[in-house]
Structures are given as structure tokens and as C-alpha cells.
Amino acid sequence: MSDKIILLIIIIFLNWVFITLWLYFIIKALLQFIFAYWVPFVPTPDKKIKILLDNLEIKEDNNFVDIWCGDWRIMASVEEKFPKINVYGYENSILPYQKAIKNKQKNNLNYTVYKKDFLKENLSKYDVIYCYMIPYMMPKIWSKIKKECKKWTLFYTSSFDIKSEKYYKKIEIKKWNHLYIYKV
Ligand SMILES: C[S@@+](CC[C@H](N)C(=O)[O-])C[C@H]1O[C@@H](n2cnc3c(N)ncnc32)[C@H](O)[C@@H]1O
């Protein structure tokens with residue numbers, strides 16, 4: 001092979017590496033930017049809701065909240081299983097919020113759903129907090145909960161753990177899809 005062909009192959013290879021790296025960083029930055037302002041509605045599967053209910057450590061008159069509540073299923077399931085507790089949810093997108101309101105009326109339920117960004121709200125009244133969110137939000141949420149909530153408040157997180165903190169309990173479900181419980 002002549003020197004020119006070898007040089008050409010090297011240049012093509014380096015170009016390919018360069019373009020691939022650029023694409024990787026651009027797509028990563030774009031996704032981070034999008035998910036910083038918008039979180040899609042991805043519901044907790046029914047099977048996992050049942051596991052959550054079976055492991056919910058909650059007392060009469062406690063306040064339970066789903067801080068990213070989506071439609072209504074978590075709030076309704078908790079209220080149905082524990083009718084004596086107060087159930088709340090925060091949802092900042094209009095469609096899941098409307099669904100939560102509609103289903104509350106249709107099924108004669110008592111939960112309270114706020115169309116608000118929970119990050120701007122004070123969470124101190126809640127005894128048990130549930131969330132199913134995205135991994136990079138976990139440190140921010142956990143420091144908010146630790147700052148605002150009472151000691152012994154329980155924080156249930158679906159799928160994504162808090163890397164810097166030792167959980168109080170871990171309920172193993174599937175390979176990466178566990179339920180973690182933290183105590184303030
Ligand atoms: C992954 S879904 C979880 C839904 C529900 N908790 C469940 O497990 O079935 C996240 C929901 O949180 C809502 N959301 C995202 N950021 C929020 C915020 N800052 N405050 C309130 N709701 C938010 C989204 O609109 C979306 O419907």
C-alpha cells in the first residue's frame with residue numbers, strides 16, 4: 001500500500017472519530033437541556049404500585065405526597081388502601097393534572113392535587129414522600145427534603161437511588177428497577 005493511501009485511511013479514521021465525538025457531546029447537551037425543563041409523564045407500572053402499597057410505612061393522619069404525581073393512580077391507590085391518611089400530589093403539566101381532577105370527581109376521592117411546581121413549595125407537612133423522577137434530579141430533591149422535612153420523614157423513590165446516601169430499605173424488584181426508601 002502506498003504512503004498516500006495509508007495517510008488517507010488515517011485521515012478518514014480521525015475524521016470519523018472527531019465527528020462521532022462531536023455528535024455524542026451535542027446530543028448529550030441537547031438532552032440535558034430538554035430534560036432540565038421538561039419531564040415526560042411515565043407512569044409507575046401497576047405491579048410496582050402494589051409493591052409500594054405493601055411496603056408503605058404510614059400511620060393514621062399522616063400526610064402522603066407524590067411530588068411528581070402525573071395522572072391519579074398513585075394518589076388513588078394510596079387513598080383506597082389507607083383511607084385515614086391525607087393524600088396529596090403536585091403536577092405541573094395541564095393534561096395529567098386535568099386527568100387527576102377528573103378521576104378524583106368521578107371516583108369520589110378526597111386527594112388534593114396541586115397544579116404547581118413542587119420545587120417551589122415547602123414540603124415540611126409531609127410524612128411520606130413518593131417520587132418517580134429522573135436520576136440527575138435526585139441530589140436536588142434529597143437536599144430539599146432534608147432541609148424542609150421533619151426527622152423520620154420517609155422518602156420512597158422508584159428506580160433511581162441517591163448515590164450519596166445510604167438507603168433505609170431497598171425493595172428489590174428487577175435488575176435496575178428497585179424501590180428505595182430513605183429516612184430524613
Ligand atoms: C415520571 S412521571 C411520574 C408520574 C407518577 N408519579 C407515577 O409514578 O405514575 C413525572 C410527572 O411529573 C411531572 N413534573 C415534572 N416536573 C414537575 C415539577 N417540577 N412539579 C410538579 N410536577 C412535575 C411531569 O409532568 C410528569 O407528569
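The values are calculated or read from the model by the stated rules, or taken from the named source; none is laboratory data. Since the model is a prediction, treat every value here as computed from it, not as a measurement. Note that each Cβ is placed from the backbone with ideal geometry, even for glycine, and that neighbours are counted across all protein chains shown.
The table below lists the values:
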{"quantity": "Count of residues meeting criterion [within 12 Å of the ligand (Cβ to nearest atom) and either outside any loop (DSSP other than H, G, I, E, B) or modelled with pLDDT under 95 (or both)] in the stretch 92-115", "calculated": "11"}
{"quantity": "Set Ser159, Ser164, Ser93: member being under 18 Å from the mean Cα position of the chain (by Cα), touching a residue at least 24 places away in the same chain (Cβ under 8 Å), assigned by TED's automatic domain parsing to the domain that holds Leu52 and loosely packed, with under 12 Cβ neighbours inside 10 Å", "calculated": "Ser164"}
{"quantity": "Residue under evaluation Lys175, criteria (1) out of contact with any helix residue (DSSP H, G or I) (no Cβ under 8 Å at 6 or more places or on another chain); (2) part of a helix (DSSP H, G or I); (3) under 17 Å from Ile51 (Cβ atoms), criterion not met", "calculated": "(2)"}
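The rows are residues; the columns are (1) within 16 Å of the ligand (Cβ to nearest atom); (2) not charged (D, E, K, R).
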| site | (1), (2) |
| --- | --- |
| Leu21 | no, yes |
| Ala29 | no, yes |
| Phe35 | yes, yes |
| Lys48 | yes, no |
| Asn55 | yes, yes |
| Asp61 | no, no |
| Phe64 | yes, yes |
| Cys69 | yes, yes |
| Gly89 | yes, yes |
